[in-house]
Every structure is written in C-alpha cells, then in structure tokens.
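J.: Below is one structure. I have some questions about it.
The values are calculated or read from the model by the stated rules, or taken from the named source; none is laboratory data. Just so we're clear, the structure is a prediction, and the values are computed from it rather than from any experiment. Methodologically, a virtual Cβ is constructed for each residue, glycine included, from the backbone with ideal geometry; neighbour enumeration extends over all protein chains shown. Accessible surface is based on the protein model in full, side chains and every heavy atom, while ligands, DNA and RNA are left aside. Shrake-Rupley method; radii C 1.70, N 1.55, O 1.52, S 1.80 Å.
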Amino acid sequence: MCDTRMSTAPGTLGKKIYQLIIGRLDGDNIGDSAYEEKIRALVQKGIGGFIIFGGTREAVRSFLRTLRPGADIPLFLASDIERGMGQQIRGTTLFPCQMALAAALDIRNAEVEILFDRAVQEIARESKAVGINMPLIPVLDVNQNPDNPIICTRAFSDNPETVALFGSRTIRTLEREGLLSCAKHFPGHGDTAVDSHISLPVIRKSLEEFMALDLLPFQYAVSADVSSIMIGHLRVPVFDDRPASLSRPVVTALLREKLGFEGLIMTDALNMHALKGYGNVSVLCINAGVDILLHPPDPDQTVGEVVRAIEAGDISEQQIDTAVSRILRHKKKIEERTEPDVEYTSNEALAARIFEMSITLVKDTPGVLPLSQKDKVSVLFCGDASFFPDSPLRNFYGKASVLSRTDERDEMQGHVHDEVAVFAIFTSVAAWKGSSGIHEEELSLIRKLSRRAKRSVVLSFGSPYVLRHFRDADILIAAYDVSEQAQHAVIRCLEGRRGFYGRLPVRLNFGQ
C-alpha cells in the first residue's frame, strides 16, 4: 500500500525546492544530539532525502526509523553500495566489486545467473533491513581507459554488452525488491584518466563511438525500467561544451528525448570539484532538466539560490513543479514493508564463495604453483601501504617485507634471491585519490627484483591493469579487490586448495 502522505504536493515554493535535494547524512555522527537535530530540521523543511555514509547497522536503522515519521512526504534514503551494504555500514556484508562479479559469474550460464541474482537480492534485502530505499547502483560505465582513477574495478567490464547485461539484470532485481535503482554515470565515465572529484574530465569521442560503447548500457537500463539515472560531471564536446550535469543537450535532448527516459534524473554529488568555476551549479542543473540535486554542500543555501533564480526569472516555477511531480510519482513506488530478516552469516558465505570464484590466473608457468614450501617464499608488499598491516599474507609465508620505491635495501634483495618472490600489489579506487595504479619507480623496482628471484608471482589486489607491466613474471593473478576476503581466496588458490575460476573481464595490453 502506498503512503497516504503522498496525496498532496508540498505547498510552498521553498518546500518544493527542498524536495529536489538529497543531502548528506553521516552515520558516524548519529548519537550527537546537535547533528541529529540538524538532520531533523532539514526533514521539517521538506528535504527530499539523504545519502547515507558510514555508521553501524543498528545505529543507522534506529535513526532512520525515528526520522521517517517526521517527513510529510517519504524520504529518498540513498547510499553508494556498489559492494553491498558493507561498503558503507558496519555490521553488514561486503560483497565483491562489480568487476569481480563479472570475473566470477558468467550470467549467460543459467546456473551462475541464479547465483548473481541471489547476490543482488541479498544486497537489496540488507539495504531494506537498514532502511535504504534508493541504492545508487549499478555503475554502467564501460571502463575503456586502464588508467581510470575513479571507475576501474567499479565497472563490470570494458565490454559494453557485458556491462549492459550485468547492469540491466541488477536493475530488474532491485526493482522487483521494491527499491529504486540508479544507473550511473551518464553519458559514460569509463574513458578518462581524470577523477571528476578533483577536476573536470573531457572525453573526446565521435557520436558514433559514444552510441556504440558508452550509451549502450544506459539504453539497456532504460528498457529495464531503471528508476533513476545519475549524470556524471564530465565534458563531452560532441554533445556540449558544458559539463554533462549542466548540459540541456545531454540531460534533456539526449537522455530524456532521444533515449526516451521517463524516470528521475539526478546529478552526481555537487560537492565535487569538477564543477568549480561554474557559478550557481544548482540553477544550471535544474535548467538542464535535472530532477534531483545530490549532495550539495549546503542544502539551505542551495534552496535560497534557487528561490532567487526563480524570482529573477532565471528558472520558471513550472520547471520545479515538473521535477516535483516526477519525484512524487517515484516516491509512490517506495512501499512501506516490514524490514526483512537477513541471514548475515549466510551472506558472508555467499560473498566469500564469489570472491573465490573471481580470482583469475592471468598468466601461468608450469611448475610454479602451488606454493607448498612456505619457507622458500618471500612476500613483498607494494602499492597502497594502508592495506599492509592487516594483510593475511603477512603471517602466512615465512618472509614479508614492505617494498620501498626509493630504497633497494640489501636485506630485501636477499629475500628474493633464489626463492619464489610474491609481489602483493594493493591498489584502490577512491574519490579524491586521483590514481588507481602504482608509481613508476615502484614498477621499475618490482621488475628489477623479480628478475633476481628464481620464480616470480605478481598478485594484483585491486586494479587488474597493473599486471600489464609485468609480462615477464612467471605467474600473474588478478583479485580485483583489496578486502581480506579476496586475500584469503588468493591464499587458498596459491596453496592449491582452490582452483582458479575467474575470467578476465577486461583486456590487458602487455605492451604498455
């Protein structure tokens, strides 16, 4: 049954504009009375919803339960959960990233297809158990640039058809579960080496290339009745000189009219630096045809700016009414359901199974694996040092060192002499980081040390693209993920307790 509060639209201009906004809610600040009061005040003003970052399962669930009754119109409760609720909320399940899912699961196979559906269904159930009704998934970017710092393993593949099939199946499962899915980042963030959190990417392609590659997954998404599509902060000159999120030719002419999308159009987060220097971005986004302003730095300030723009004739109130009407229509789809009982232990086992299935043997040399003589193996940690201290690899093999890209110490050289040298490279995709690879000095040092070893094994925890730099290594293994689950899965494969079942979802050019 639909919520009875949906019978009337917000009355005042201010309340209508607040409906266009999804603000930020920090779960780790729950319990701070001043912070909670600030959030409740936004609800009273009529804010459209919140995007939730962090917090514990019980704290977030409890707070959202108390928050919802105070809203005259149901709230969009969104979260970036590309790797399941465990990506944001402690006490929930961390699933493999999208690229790992594509490596593990061939959804053209009927049996494996069921396993993928089950994983998405459990992500949906955990979302509902916490109170999330708008998971901001799936990522439909086709990752065509191996140096992409912000998409990379968040994408299913570099193949548009693969992305389209996984993405549309995700959407249908989420929608069947009564959730509002969100495809991102239109018109395609996969072919750039620039993080839009930091600066504005420019993607120079022909219209034909965009239609055949980047837009194909979004066409599938529209056909799958995706509830919302997120516009990326990126400039595509073939469509417009303005960033896509500010562009009427992209938002209205391309997405709304050419692709026939009738759902909600939202911006990517408005606190990102890609839009710096563009003035009143909220007004520009609304004029482009956007319905939802995601994560503006200050919701109250944003409402004031839009009100002044209407008064100055820069926006018509009809544009606001059109967006509100679409928002209300989609909020009727949010069913008030009893929170499902989630078997978190079972979900951990499901996630672990998929992690194991994703581990990919990219290059094999007979006679190297399994690594049965632990005292003959040295592990060298490379890349992002934040993952080294808690790595299960640290204590599993006899010797472990941290590779320094500026220091070739004698004892480190000794560790790899006449042994199997295992280079565990950790990379991660994160907002504001600016890179998904490792430094050139570190690449050079790994190559040098691997030549001194009797046998060399390169493990990629994170971006599989780093493997393209080590064509001469004896063994190359892609794990796609930095999590402890992925590391335990790799250890089982190295020991020979598990086979390698993953398939590489992207092409690696070993000439680079």
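J.: What residue, of ASP141, ASP117, ASP106, is charged (D, E, K, R), open to solvent by 10 Å² or more (accessible area, probe 1.4 Å) and either under 22 Å from MET266 (Cβ atoms) or at pLDDT below 95 (or both)?
T.: Sole residue among the options that is charged (D, E, K, R), open to solvent by 10 Å² or more (accessible area, probe 1.4 Å) and either under 22 Å from MET266 (Cβ atoms) or at pLDDT below 95 (or both): ASP106.
J.: Only one residue in ALA385, ALA400 is loosely packed, with under 14 Cβ neighbours inside 10 Å, in contact (Cβ under 8 Å) with a residue 12 or more places away in the chain and closer than 25 Å to LEU443 by Cα, so which one is that?
T.: ALA385
J.: Another question, then. Take the residues in the range 347-383 that are out of contact with any helix residue (DSSP H, G or I) (no Cβ under 8 Å at 6 or more places or on another chain) and polar (S, T, N, Q), then tell me which one is modelled with the lowest pLDDT.
T.: Looking at residues that are out of contact with any helix residue (DSSP H, G or I) (no Cβ under 8 Å at 6 or more places or on another chain) and polar (S, T, N, Q), I get GLN373.
J.: Can you tell me which residue is modelled with the lowest pLDDT among those in the range 277-304 that are within 26 Å of LYS38 (Cα to Cα) and surrounded by fewer than 17 Cβ atoms within 10 Å (Cβ to Cβ)?
T.: Only one residue fits best here, namely ASN280.
J.: Which residue, of ILE198, ILE229, ILE286, is part of a strand (DSSP E or B) and among the β-branched types (Val, Ile, Thr)?
T.: So the residue among ILE198, ILE229, ILE286 that is part of a strand (DSSP E or B) and among the β-branched types (Val, Ile, Thr) is ILE229.
J.: Tell me, yes or no, whether the range 234-246 has at least one residue that is surrounded by fewer than 24 Cβ atoms within 10 Å (Cβ to Cβ), within 22 Å of the chain's Cα centre (by Cα) and not in a helix (DSSP H, G or I).
T.: Looking through the range 234-246, at least one residue is surrounded by fewer than 24 Cβ atoms within 10 Å (Cβ to Cβ), within 22 Å of the chain's Cα centre (by Cα) and not in a helix (DSSP H, G or I).
J.: Looking only at residues that are touching a residue at least 40 places away in the same chain (Cβ under 8 Å) and surrounded by 15 or more Cβ atoms within 10 Å (Cβ to Cβ) in the range 305-319, which one is nearest to the chain's Cα centre (by Cα)?
T.: The extreme case among them is VAL306.
J.: Here's another thing I want to ask about it. What do you reckon, is LEU270 among the hydrophobic types (A, V, I, L, M, F, W, C), within 22 Å of VAL236 (Cβ to Cβ) and open to solvent by less than 10 Å² (accessible area, probe 1.4 Å)?
T.: So LEU270 fails the test.
J.: Do you know which residues across the range 353-372 are surrounded by fewer than 20 Cβ atoms within 10 Å (Cβ to Cβ) and out of contact with any strand residue (DSSP E or B) (no Cβ under 8 Å at 6 or more places or on another chain)?
T.: ARG353, PRO366, GLY367, PRO370, SER372
J.: Take THR92 and tell me if it is of a type outside the set (A, V, I, L, M, F, W, C), farther than 20 Å from ILE171 by Cβ and assigned to a loop (DSSP other than H, G, I, E, B).
T.: It is true that THR92 is of a type outside the set (A, V, I, L, M, F, W, C), farther than 20 Å from ILE171 by Cβ and assigned to a loop (DSSP other than H, G, I, E, B).
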